[in-house]
Every structure is written in C-alpha cells, then in structure tokens.
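> Okay, handing you the structure first.
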2 protein chains.
Amino acid sequence: MNQFAPLSIARNYSFASSTVAVLRRQSFLIRALGRGIHHKVDSTIGSIMQETEADAVSIIRAITPTLDPTRHKGQAGRIAVIGGCREYTGAPYFAAISALKIGADLSHVFCTKDAAPIIKSYSPELIVHPVLEESYSVREEERKQVSVKVVAEVDKWMERFDCLVVGPGLGRDPFLLDCVSEIMKHARHSNVPIVVDGDALFLVTNNLDLVHGYPLAVLTPNVNEYKRLVQKVLKCEVDDADAHGQLSSLAKQIGGVTILRKGRSDLISDGDLVNSVSIYGSPRRCGGQGDILSGSVAVFLSWAHRDSVAADRNPTILGCIAGSALLRKAVSLAFETRKRATLTTDIIECLGRSLEDISPAR
Amino acid sequence: MNQFAPLSIARNYSFASSTVAVLRRQSFLIRALGRGIHHKVDSTIGSIMQETEADAVSIIRAITPTLDPTRHKGQAGRIAVIGGCREYTGAPYFAAISALKIGADLSHVFCTKDAAPIIKSYSPELIVHPVLEESYSVREEERKQVSVKVVAEVDKWMERFDCLVVGPGLGRDPFLLDCVSEIMKHARHSNVPIVVDGDALFLVTNNLDLVHGYPLAVLTPNVNEYKRLVQKVLKCEVDDADAHGQLSSLAKQIGGVTILRKGRSDLISDGDLVNSVSIYGSPRRCGGQGDILSGSVAVFLSWAHRDSVAADRNPTILGCIAGSALLRKAVSLAFETRKRATLTTDIIECLGRSLEDISPAR
C-alpha cells in the first residue's frame with residue numbers, strides 16, 4: 001500500500017526566498033512540532049517493512065523540489081558540515097560532496113586549520129572554513145577567548161544554512177568538542193536542523209541536553225553508537241527482539257528527536273511510528289558510507305521542511321527515509337559495476353543517477 | 001594437479017565478531033604454528049611451477065570471503081601501513097589503497113607529519129595519521145620522550161588491525177627506524193601479522209630479531225634486498241642454480257618467517273615447501289608494483305588467517321600466493337590497454353576486475 005502517492009502533487013511547490021531564512025526555519029520547527037496523528041504501526045515487522053519500502057520512493061518524489069528556472073543559488077539548499085581535524089579529512093568531504101551531488105546548491109565545511117587545505121584539495125566545489133581548533137594548538141589561558149572566536153566564525157553563517165551535519169571526522173579533542181557543543185546550541189537557537197553523526201554522537205551521548213527536546217535533531221548511530229545511546233539513556237542493553245519498541249522509547253526519552261538506527265535495515269523513529277528502510281544496498285562495508293548518509297539526510301530533510309509536503313508526517317522523518325533509501329540505491333548501483341572494489345567515492349558518483357531514476361529532473 | 005579445489009567449500013565460513021580481535025589473532029598464531037606436514041617439493045623446477053600456478057586461482061577462491069549482508073564495517077579487514085616520510089608519499093598510498101580496492105573495509109596509514117597532508121590529498125578513502133617523526137624535527141634530548149609518544153599513538157589502534165604493512169616509503173632516518181622497531185615489537189606482542197617491505201627490509205636485515213621466529217611475519221624482498229638478506233643471514237652470495245633450496249634455508253634460518261622473493265617468478269617459502277607464482281604479468285617495471293603487492297598480501301593473509309581455510313597449509317603462505325597472483329593478473333590487464341604508459345595507478349584500477357574474474361562477488 002502506498003499511502004504517499006497522492007502527495008506527489010506537492011512537488012510543484014515553490015521555495016520561499018532565501019531572504020526569509022529565519023521565518024522559514026521557524027516554520028520548520030512549527031511543522032515538526034505540530035504534525036498530526038500518525039498511522040498506527042502494524043504489529044508484524046514484515047508488514048511495516050513492506051509498507052515503508054513502498055513509501056520511500058514516493059517520499060523521495062514528493063520532497064525533491066522541481067527544478068525551476070526562476071530559482072536562484074541557494075534555494076535548493078545550503079548545507080554545512082562541522083567536522084574534519086588533523087586525523088580525519090575524508091569523512092567531512094564525503095558528507096559535504098554528497099549533499100552537492102544530490103542537489104544542494106552550496107556545501108560548506110567547518111574544520112580545523114590543519115584539515116582545511118586537504119579537504120579543499122579533494123574538491124574545488126566545497127567552501128571550506130579553517131576555523132576549528134584542537135587543544136594542542138591552543139594554550140590553556142587562551143581557550144576561553146579562542147572558543148568565543150571559533151563559535152562566532154560559524155555563527156555569522158548560521159542563518160544561511162538549511163541544515164548542519166555535525167560529526168563526520170570531528171575527532172574527540174575535548175577543546176574542539178566544547179566548541180562544537182556551543183555551535184550546536186547556537187544552531188538550535190536559530191532553529192537550524194542538525195544531523196548528528198560520528199564523533200558528535202559520542203559528544204551528544206555524554207551531553208544529552210544538546211539535543212533533548214529538539215525536534216529538528218537527527219541522530220544517526222551505527223551498531224556501536226546505538227549500543228552506547230541505549231545504555232546511557234534507557235539504562236539497559238540493546239534488545240533486538242524488541243528493536244522497534246526500544247528505538248521508539250529511546251527517541252521519546254530524548255524528547256522526540258529523530259533517530260536513524262543504521263543496520264541491515266535502517267530503522268527510523270521520533271518516538272512514535274517506527275519506519276524501516278530495507279531496500280537492498282550491497283554487502284560491501286567500506287568505511288565512509290555513513291558520511292554519505294548524513295549528507296543525504298541533511299539535503300532531504302531541508303527539502304522536506306521547506307513546504308508542507310505531508311501535513312500529517314514529521315518532515316524530519318521523511319528526510320531520513322529519503323536519505324537512507326537514496327544511499328541504498330546508490331550503493332547498489334555502484335556495487336553492480338565495482339563489486340568488492342567499491343569505495344565510497346564510487347557510491348557518491350552514483351547518487352545523481354539514483355535520484356534521477358526516482359525523480360527525473362526533466 | 002589442483003590440490004586445492006576441494007577446499008573451495010570453505011568460502012562460506014562466517015567471520016568472528018570484531019570484538020574478539022585479540023582472540024582471533026591468537027588463533028592466527030596457533031594456525032600458523034600448528035599447520036600439518038607439507039607436500040614434498042618435486043625436484044624439477046618445471047613441475048613445481050606448473051603445480052603452483054594451478055593452485056593460485058583456487059587459493060584466491062578459497063580465502064576470499066563471501067560477501068554477506070549480515071556483516072558490518074571492519075569485518076572484511078582493517079589494514080595499516082607504516083610508512084611515508086618527507087621524501088616518499090606514493091608508496092604508502094599505493095599499498096593502502098590497494099588493500100581497499102581488493103576488499104578491505106578500512107585502510108590506515110601512519111606516516112610523518114610532513115607526508116600526511118599529501119597522502120591524505122591522494123584519496124579521502126584512507127585514514128592517515130601524522131604521527132611519525134624524523135631526526136631533523138626532534139632534538140637529541142627529546143628523543144626518548146617523542147619515541148614513547150609515537151609508539152603509543154600507533155599502539156592505541158593496534159588491536160583493531162588485521163595486518164600491518166611496514167616499510168613502503170619509510171625512508172632510512174635512524175630515529176624514525178628506531179620508533180618503527182618498537183612498533184613492530186608491539187605488533188608482534190599483539191599477534192598482528194606484519195608484511196615487511198621496502199625500507200623496513202633494510203631495518204630488519206640489520207635487526208633480524210625483530211622478526212626471527214615470528215610465523216606471522218612476511219618479508220617481500222626484491223633482487224637487491226634479497227641479496228643483502230642472503231649475505232647477512234647465510235653469509236654467502238645468491239645462488240640461482242639452487243634458488244629454491246637457498247630461499248628455504250633463508251626462511252628457516254630466520255625462524256620460519258615467510259619470504260616472498262620477488263622476481264620473474266615470485267618464490268615463496270616459510271622454510272619448508274617452496275611455492276612459485278609465475279602467472280605472466282607484463283614486461284613493464286614501473287616503480288610502485290611492490291607497494292601494491294604488500295597491500296595485496298596483507299589483505300589475503302588476514303583473510304587466510306581468519307578461518308581454517310586449509311588445515312595443512314600455512315595461511316601466511318596462502319596469503320602470499322594469492323597476493324602475488326592477483327597483482328600479476330592486474331598488471332597483465334593494465335598492460336593490455338596501457339602498454340608502455342602503464343603506471344601503478346592503472347594497475348590498482350585493475351585489481352577489482354582481476355579479483356572479480358577469479359572470485360565473483362555475486
């Protein structure tokens with residue numbers, strides 16, 4: 001059953017002007033909070049999966065905006081990735097370039113000074129800001145002042161962003177994570193949606209207040225990150241016999257944030273309905289696929305929030321379903337030709353064709 | 001005669017969880033030590049070569065794991081390359097990216113601070129740690145302290161690795177080589193297999209205790225490196241009339257390490273049987289092919305050690321045969337189209353197709 005098909009007419013909605021970014025994001029929040037009553041979850045997992053699988057393609061069609069010659073740069077989405085440190089540079093690149101390949105107009109990366117030249121070298125398409133600092137480069141007595149400066153550097157751009165992805169390649173430097181906590185508070189204050197991945201999940205698991213009760217937050221834990229979240233929040237172990245119930249409880253306990261639990265099937269919940277996306281991807285598990293997912297979810301959720309695509313469904317959930325399904329389709333396409341040699345860059349190259357197959361640009 | 005064919009059923013073995021990395025590597029060691037009696041070497045070189053050539057394809061098929069959707073990231077192998085200094089950056093990149101292209105999930109490089117940004121810039125797929133130090137950047141009185149720090153930086157990752165490749169682009173800085181000696185001792189203590197190549201062969205030839213008696217060590221000398229090893233260990237010159245006997249003696253003298261002697265035919269021995277791989281590659285001898293070989297051997301030997309693929313054969317030997325044969329096939333494919341212009345990157349691009357031809361991913 002495809003509940004979503006009648007909504008495909010919503011594709012022709014027009015974007016609000018970028019000059020009303022603040023108002024637009026306030027309406028993101030209102031929509032996320034004020035959504036209607038969800039359909040009841042069928043008690044058999046099989047039927048939920050079937051239902052959601054049918055849904056994913058329609059959701060992508062409904063939330064992907066029509067390309068309209070009257071639109072100008074930025075209106076198809078401005079994404080920012082907060083991540084990239086001395087050790088990790090691939091992850092933020094993967095997230096940011098994926099956002100562009102799916103159709104965002106602009107993709108920024110805020111990373112450390114060491115990481116910036118390298119991330120810039122991967123692609124001239126990204127706008128890379130060398131603003132974050134790690135402990136080793138900041139003296140103890142300067143930290144307060146440097147932190148204020150770092151947060152201000154990101155904050156001056158904040159109003160322009162439709163979504164932040166926090167975490168890919170962030171590392172675990174305590175001073176850097178303190179600055180990122182402040183950036184997340186500012187994003188939340190400006191009602192900018194936040195996708196929390198990688199090392200930012202480590203940060204959030206230890207500081208749940210950063211996202212608690214924020215309906216525009218998405219957490220994207222893998223198997224180990226999910227385990228730590230469950231232990232911390234629900235004070236128990238992961239129970240796969242009650243995967244749906246436990247995920248729903250977890251999201252509810254964190255005040256209705258959306259959780260995308262990555263796995264063989266991706267499970268998505270904001271504390272109410274549990275959606276699953278189990279389109280077959282590939283058995284290849286090269287590192288970096290999670291970074292594509294975070295960039296993909298960021299684009300789709302910012303599109304889903306832009307207009308009332310489905311009045312009775314949380315646009316954050318819709319963004320997660322679309323992001324997960326598109327990644328899986330791209331993974332499957334890449335694997336068809338590359339097989340065991342499939343790398344993350346090969347999958348990224350398939351994002352465009354995957355979206356075109358589902359929702360042609362015309 | 002294909003002795004190995006009946007073992008192809010072993011392809012469907014399942015992987016142990018990554019949480020039991022320590023136990024798994026202890027079992028690597030037990031399997032390497034506890035193997036049964038080898039088949040006798042035929043006294044005519046011709047028949048040995050014929051026998052081993054038939055073997056190589058079956059060995060690749062037997063040790064390449066089935067791609068299984070229930071597996072998660074890391075279970076198809078985590079490789080680390082120790083190499084890359086101010087002068088050399090290509091070699092560690094070639095080794096690390098080759099491991100990914102063959103099917104490892106994660107590939108790390110530990111190199112000097114100068115080399116890291118460049119190696120990172122070659123590919124966002126690698127995780128590059130700028131942790132090694134050369135003499136010129138460390139004052140005499142700081143050396144002890146810096147060495148401890150460098151070794152600790154690698155050591156905190158050690159348990160996660162299925163194999164180290166030590167040597168590509170390492171250089172010969174004495175302080176750096178001292179640190180690498182310590183890293184090798186730690187790897188050995190953790191039962192992590194080590195492929196020793198390039199400048200690490202220089203190090204090992206002068207410090208045989210680093211690998212003596214370690215059955216999880218592989219040395220991959222080229223003609224000159226082999227000559228120095230023979231002179232040092234056997235106190236004589238290379239005798240090509242008794243190539244097999246001399247190689248076997250050399251491996252035995254170093255306590256049963258595996259030696260892969262690169263040449264027109266690659267000869268492989270752990271002091272007992274001598275295997276040869278002489279699948280035709282190409283007459284092109286561009287630099288960098290040895291780096292592909294070390295990455296390739298690392299992946300296959302970690303796969304061969306994961307489960308009892310062939311109870312009566314040393315998995316380290318099987319990994320060497322598979323790595324050598326796959327490189328030769330990729331070289332041959334690349335040369336078909338690129339001819340004199342064939343470069344190492346062209347060969348790397350052919351690794352995936354070469355493996356797919358032998359062991360389709362399905």
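> Can you pull out every residue in region A:145-166 that is open to solvent by less than 50 Å² (accessible area, probe 1.4 Å) and in a helix (DSSP H, G or I)? Break it down stepwise before answering.
Here is the first cut: in region A:145-166, the residues open to solvent by less than 50 Å² (accessible area, probe 1.4 Å) are A:146-147, A:150-151, A:154, A:158, A:161-166.
Result: A:V146, A:S147, A:V150, A:V151, A:V154, A:M158.
> Turning to a different aspect of this structure: Only one of these conditions is not met by A:R313: (1) charged (D, E, K, R); (2) farther than 22 Å from A:T205 by Cα; (3) open to solvent by 10 Å² or more (accessible area, probe 1.4 Å); (4) within 14 Å of another protein chain (Cβ to nearest Cβ). Which number is it?
Status for A:R313: all satisfied but (4).
> Based on what the data block shows, is B:A104 more than 10 Å from chain A (Cβ to nearest Cβ) and either in contact (Cβ under 8 Å) with a residue 24 or more places away in the chain or open to solvent by 20 Å² or more (accessible area, probe 1.4 Å) (or both)?
Details: more than 10 Å from chain A (Cβ to nearest Cβ): no; either in contact (Cβ under 8 Å) with a residue 24 or more places away in the chain or open to solvent by 20 Å² or more (accessible area, probe 1.4 Å) (or both): yes.
It is false that B:A104 is more than 10 Å from chain A (Cβ to nearest Cβ) and either in contact (Cβ under 8 Å) with a residue 24 or more places away in the chain or open to solvent by 20 Å² or more (accessible area, probe 1.4 Å) (or both).
> Continuing with this model, one more query. Considering only residues that are assigned to a loop (DSSP other than H, G, I, E, B) and under 22 Å from B:L301 (Cα atoms), look in region B:173-212 and name the one that is most open to solvent (accessible area, probe 1.4 Å).
Per the stated criteria, the residue is B:H212.
This table checks each residue for (1) of a type in the set (S, T, N, Q); (2) surrounded by fewer than 17 Cβ atoms within 10 Å (Cβ to Cβ).
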{"position": "B:A322", "(1), (2)": "no, no"}
{"position": "B:L327", "(1), (2)": "no, no"}
{"position": "B:A330", "(1), (2)": "no, no"}
{"position": "B:T337", "(1), (2)": "yes, yes"}
{"position": "B:R340", "(1), (2)": "no, yes"}
{"position": "B:D346", "(1), (2)": "no, no"}
{"position": "B:G352", "(1), (2)": "no, no"}
{"position": "B:L355", "(1), (2)": "no, no"}
{"position": "B:S359", "(1), (2)": "yes, no"}
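> Restricting region A:260-279 to residues that are within 14 Å of another protein chain (Cβ to nearest Cβ) and in contact with a helix residue (DSSP H, G or I) (Cβ under 6 Å, 6 or more places away or on another chain), which is least open to solvent (accessible area, probe 1.4 Å)?
Within region A:260-279, the first condition is being within 14 Å of another protein chain (Cβ to nearest Cβ), and the residues that meet it are A:261-266, A:278-279.
Now drop any that are not in contact with a helix residue (DSSP H, G or I) (Cβ under 6 Å, 6 or more places away or on another chain), which leaves A:261, A:266, A:278-279.
On the way: A:R261: 35, A:D266: 10, A:S278: 35, A:I279: 49 Å².
Out of the qualifying residues, it is A:D266.
> Scan region B:281-298 and tell me whether some residue there is in contact with a Ser or Thr (Cβ under 6 Å, 6 or more places away or on another chain), more than 14 Å from every other protein chain (Cβ to nearest Cβ) and open to solvent by 50 Å² or more (accessible area, probe 1.4 Å).
yes
> Contact list please: Cβ distance under 7 Å, first residue in region A:118-139 and of a type in the set (S, T, Y), second residue open to solvent by less than 20 Å² (accessible area, probe 1.4 Å) and part of a helix (DSSP H, G or I), pairs at least six apart or on different chains.
Filtered contacts from region A:118-139: A:S123/A:I97; A:S135/A:F175.
> Residue by residue through region A:113-133, note down the ones that are within 12 Å of chain B (Cβ to nearest Cβ) and crowded, with 18+ Cβ neighbours inside 10 Å.
Kept after step one, since they are within 12 Å of chain B (Cβ to nearest Cβ), are these residues of region A:113-133: A:113-123, A:126.
Passing the criteria: A:D114, A:A115, A:A116, A:I118, A:I119, A:K120, A:Y122, A:L126.
> Search region B:158-179 for residues that are at positive phi and pair each with any residue that is open to solvent by less than 10 Å² (accessible area, probe 1.4 Å) and not acidic (D, E) when their beta-carbon atoms are under 6 Å apart and the residues are at least 6 apart or on different chains.
B:G167/B:G83; B:G167/B:V196; B:G167/B:A200; B:G169/B:G83; B:G169/B:G84; B:G169/B:P92; B:G171/B:C85
> Based on what the data block shows, is A:V257 within 14 Å of chain B (Cβ to nearest Cβ), at pLDDT 95 or above and surrounded by 22 or more Cβ atoms within 10 Å (Cβ to Cβ)?
Working: within 14 Å of chain B (Cβ to nearest Cβ): no; at pLDDT 95 or above: yes; surrounded by 22 or more Cβ atoms within 10 Å (Cβ to Cβ): yes.
No; evaluated as a whole, the condition is false for this residue.
> Quickly run through region B:263-301 and pick out the residues that are aromatic (F, W, Y) and at pLDDT below 95. Give the steps one after another, and end with the answer.
The first filter runs over region B:263-301 and keeps only residues aromatic (F, W, Y), leaving B:280, B:300.
Matches in region B:263-301: B:Y280 only.
> Further, regarding this structure: Do the conditions hold for B:D155, that is, is it modelled with pLDDT of 95 or more, among the charged types (D, E, K, R) and closer than 29 Å to B:L327 by Cβ? Before the answer, list the steps.
Working: modelled with pLDDT of 95 or more: yes; among the charged types (D, E, K, R): yes; closer than 29 Å to B:L327 by Cβ: no.
It is false that B:D155 is modelled with pLDDT of 95 or more, among the charged types (D, E, K, R) and closer than 29 Å to B:L327 by Cβ.
> Within region B:64-94, restricting attention to residues that are facing another protein chain (nearest Cβ under 7 Å) and of a type in the set (A, V, I, L, M), which residue is least open to solvent (accessible area, probe 1.4 Å)?
B:A76
> Surrounded by 24 or more Cβ atoms within 10 Å (Cβ to Cβ), without any contact (Cβ under 8 Å) to a residue 40 or more places away in the chain, within 13 Å of another protein chain (Cβ to nearest Cβ) and in contact with a helix residue (DSSP H, G or I) (Cβ under 8 Å, 6 or more places away or on another chain): does that describe A:I97? Even if it seems obvious, please write down each step before you answer.
Details: surrounded by 24 or more Cβ atoms within 10 Å (Cβ to Cβ): yes; without any contact (Cβ under 8 Å) to a residue 40 or more places away in the chain: no; within 13 Å of another protein chain (Cβ to nearest Cβ): yes; in contact with a helix residue (DSSP H, G or I) (Cβ under 8 Å, 6 or more places away or on another chain): yes.
No: the conditions fail for A:I97.
> Check B:V274, B:V297, B:V331 and return the single one that is among the aliphatic types (A, V, I, L, M) and under 14 Å from the mean Cα position of the chain (by Cα).
On the way: B:V274 fails: under 14 Å from the mean Cα position of the chain (by Cα); B:V331 fails: under 14 Å from the mean Cα position of the chain (by Cα).
Unique residue meeting the criteria: B:V297.
The values are calculated or read from the model by the stated rules, or taken from the named source; none is laboratory data. Remember, predicted model here, so these are calculated numbers, not experimental data. Cβ coordinates were reconstructed from backbone atoms using ideal geometry, including for glycine residues, and neighbour counts include every protein chain displayed. All accessible areas refer to the heavy atoms of the entire protein, side chains included, with ligands and DNA or RNA removed. Shrake-Rupley method; radii C 1.70, N 1.55, O 1.52, S 1.80 Å.
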